Amino acid sequence: MSAGETAYDRVNDYGSIKIGLASPHDIRSWSFGEVKKPETINYRTYRPERDGLFCERIFGPEKDWECACGKYRGMKYKGMICDRCGVKVTHSRVRRKRMGHIELAAPVVHIWF
């Protein structure tokens, strides 16, 4: 990098790219937990269902620096995992990056590949 150049300036500077299928072991290693229920949001509380498709324990908190039950709030608890709800106190934007997995009885091939 030259003087004044950052890594963001080099975003299009690459020699090649390789795309491949992820193995089941890779997918489980990227996963933050298993999705066990098909439910998404509780219609009474408007909160994500535990172990569902929007679970805060798996995908991260809905609100910045707050666990699901509200026991831990604020940056002073950064990185702490709540003993009641199991949610890690962190930014809510981690929900965009985290993955979960679903255990199936037999391997299934995705039709797009």
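Arrange Thr90, Thr6 by Cβ neighbour counts within 10 Å, fewest through most, would you? Let's see the in-between values first.
On the way: Thr90 20, Thr6 8.
Going from sparsest to densest Cβ surroundings: Thr6, Thr90.
Based on the mean of other beta carbon atoms within 10 Å per residue, what is the order of 56-68, 94-106, most packed first? All intermediate terms of the calculation are to be shown ahead of the outcome.
Working: 56-68: 19.7, 94-106: 11.2.
Those peptides, ordered most packed to least, come out 56-68, 94-106.
Determine the dipole magnitude for the chain: charges of +1 sit on the beta-carbon of Lys and Arg, -1 on that of Asp and Glu, nothing else is charged, the reference point is the Cα centre, and the result goes in debye to the nearest 20. Kindly include the intermediate steps, with their values, before the conclusion.
On the way: 21 positive and 14 negative charges, 105 e Å.
Dipole of the chain, to the nearest 20 debye: 500 debye.
Taking a cut-off of 13 Å between Cα atoms, list the aspartates and glutamates near Lys78, but don't count ones fewer than 8 places away on the same chain.
Correct list for Lys78: Asp64, Glu66.
Consider the candidate values (i) 1.10; (ii) 0.98; (iii) 1.26; state which one is Rg/Rh (Cα atoms, Kirkwood Rh) computed from the structure displayed.
Answer label, from the structure shown: (i).
List the lysines whose Cα sits under 20 Å from the Cα of Lys36, skipping any in the same chain fewer than 8 residues away.
Lys88, Lys97
For the charge dipole of the range 22-103, defined by +1 on Lys and Arg C-beta atoms and -1 on Asp and Glu C-beta atoms about the Cα centroid, which residue among Ile102, Ile58, Pro24 has the Cα displaced farthest towards the positive pole?
Farthest along the dipole direction, towards plus: Ile58.
Going by amide H atoms built from the backbone, whose H comes under 5 Å of the H on Glu39, apart from near neighbours?
Under 5 Å from the amide H of Glu39 lie the amide H atoms of Leu53, each far enough along the sequence or on another chain.
Which order do the peptides 30-43, 9-22 take when ranked by the mean count of other beta-carbon atoms within 10 Å per residue, highest first?
Numbers: 30-43: 13.4, 9-22: 6.9.
Top of the packing list down: 30-43, 9-22.
Given only helices, namely DSSP H runs of n ≥ 4 each adding -39500 (n - 2.57), what is the per-residue ellipticity at 222 nm of the chain, to the nearest 500 deg cm²/dmol?
On the way: 2 runs with 11 residues, N = 113.
Per the formula, -2000 deg cm²/dmol.
How long is the gain from Ser23 to Ser92 if the chain were fully straight, where each residue apart is worth 0.36 nm and the alpha carbon distance is subtracted?
22.0 nm
All of the numbers you see were taken from the coordinates with simple rules; none came from a lab. As the structure is a prediction and not an experimental result, all values here were calculated from the model. Glycine gets a Cβ as well: all are built from the backbone with ideal geometry, and neighbour counts include every protein chain shown.
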